[in-house]
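Accompanying notes for the structure given below.
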Amino acid sequence: MDEDCVVETRGLRKTFESDGAPVRALRGVDFTMRRGEFVAIMGPSGCGKSTLLNLVAGLDTPTDGEVALAGESLVGRSEDELAVMRRRHIGIVFQFFNLLEGMTVLENVTLPAVIAGAPRKRAESRARDLLDLLGLAEKANDAPGVLSGGQRQRLAIARALANEPTLVLADEPTGALDSESGQEVLELFRRLHAGGQTILLVTHDDHVAARSDRIVHMRDGRVDSHTDQPPLTAIPLP
């Protein structure tokens with residue numbers, strides 16, 4: 001594995017069983033991603049893009065092949081080891097937010113750092129800084145349920161950034177938002193990228209993918225092609 005790559009896969013395969021029949025979700029995926037890239041994975045439903053994201057995150061294990069994160073192989077790791085690697089390297093943004101409704105906005109962002117072992121005061125200080133950065137400082141003591149869709153996704157992004165991840169993974173991050181909120185979230189991703197954040201995003205939306213600097217097209221469990229995007233100007237977050 002190339003230690004200079006944030007993500008590297010070689011011959012990555014994943015087969016599921018469905019009604020007793022094998023379903024080949026990935027059929028030998030070779031993919032690399034370097035620090036500072038903003039890559040969008042596109043393709044029709046069932047092409048394997050979310051499966052690839054889950055394997056990169058260590059949320060699932062491959063049937064065959066190799067996958068490495070920040071130069072460290074994920075293959076053969078225990079669940080505990082994978083959890084530690086996620087805490088060290090990964091922030092995940094889901095389509096439907098996955099927020100903890102019984103906690104405040106501030107607590108949602110503080111929790112990942114506390115779980116990773118950070119002192120609570122330091123974790124809460126970083127959480128407040130992130131909420132301020134993403135325009136949610138005044139909502140710190142509110143419940144997530146009172147936020148708009150766009151605010152909830154910004155909160156999910158703040159939570160993903162709590163541990164200063166090597167890589168942010170985003171699975172259809174605008175899929176549950178109206179067009180205006182979706183544009184706000186995309187602009188936020190662009191600004192994070194301009195500040196140096198490495199981002200891997202899954203989408204079926206051409207407009208979302210157009211904000212990245214490279215598009216990886218998948219079809220039938222394989223990488224079909226790559227498209228380099230012209231650079232877009234964004235003001236990095238302070």
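Comparison of ASP80, ASP60, ASP30 shows that the only residue that is of a type in the set (Asp, Glu), surrounded by fewer than 20 Cβ atoms within 10 Å (Cβ to Cβ), over 14 Å from the mean Cα position of the chain (by Cα) and farther than 27 Å from ALA158 by Cβ is ASP30. The residues listed here are ALA156, ALA140; of these, the one that is at pLDDT below 95 and under 17 Å from GLU101 (Cβ atoms) is ALA156. Taking region 93-107, which residues are surrounded by 17 or more Cβ atoms within 10 Å (Cβ to Cβ) and either under 23 Å from THR198 (Cβ atoms) or charged (D, E, K, R) (or both)? VAL93, PHE94, GLN95, PHE97, GLU107 - these are the residues of region 93-107 that are surrounded by 17 or more Cβ atoms within 10 Å (Cβ to Cβ) and either under 23 Å from THR198 (Cβ atoms) or charged (D, E, K, R) (or both). Within region 12-37, the set of residues being of a type outside the set (Asp, Glu) and more than 15 Å from VAL56 (Cβ to Cβ) comprises THR15, PHE16, SER18, GLY20, ALA21, PRO22, VAL23, ARG24, ARG27, GLY28, GLY36. Residue check: GLY182 meets all listed conditions (1) modelled with pLDDT of 95 or more; (2) crowded, with 17+ Cβ neighbours inside 10 Å; (3) assigned to a helix (DSSP H, G or I) but one, namely (1). Taking (1) acidic (Asp, Glu); (2) touching a Leu at 6+ places or on another chain (Cβ under 9 Å); (3) more than 14 Å from ARG222 (Cα to Cα) in turn, ASP60 satisfies each apart from (2). Of the residues making up region 53-72, at least one is among the polar types (S, T, N, Q), part of a loop (DSSP other than H, G, I, E, B), touching a strand residue (DSSP E or B) at 6+ places or on another chain (Cβ under 8 Å) and over 20 Å from LEU201 (Cα atoms). Counting only residues that are within 22 Å of the chain's Cα centre (by Cα) and either among the acidic types (Asp, Glu) or crowded, with 18+ Cβ neighbours inside 10 Å (or both), region 125-139 holds 9 of them.
Within the bounds of region 208-227, is there any residue that is at pLDDT below 85 and farther than 16 Å from LEU52 by Cα? Scanning region 208-227, I find at least one residue that is at pLDDT below 85 and farther than 16 Å from LEU52 by Cα, so the answer is yes.
The values are calculated or read from the model by the stated rules, or taken from the named source; none is laboratory data. Being a predicted model, the structure only gives us computed values, none of them experimental. Reconstructed Cβ throughout: ideal geometry from the backbone, glycine too, with neighbour counts over all protein chains shown.
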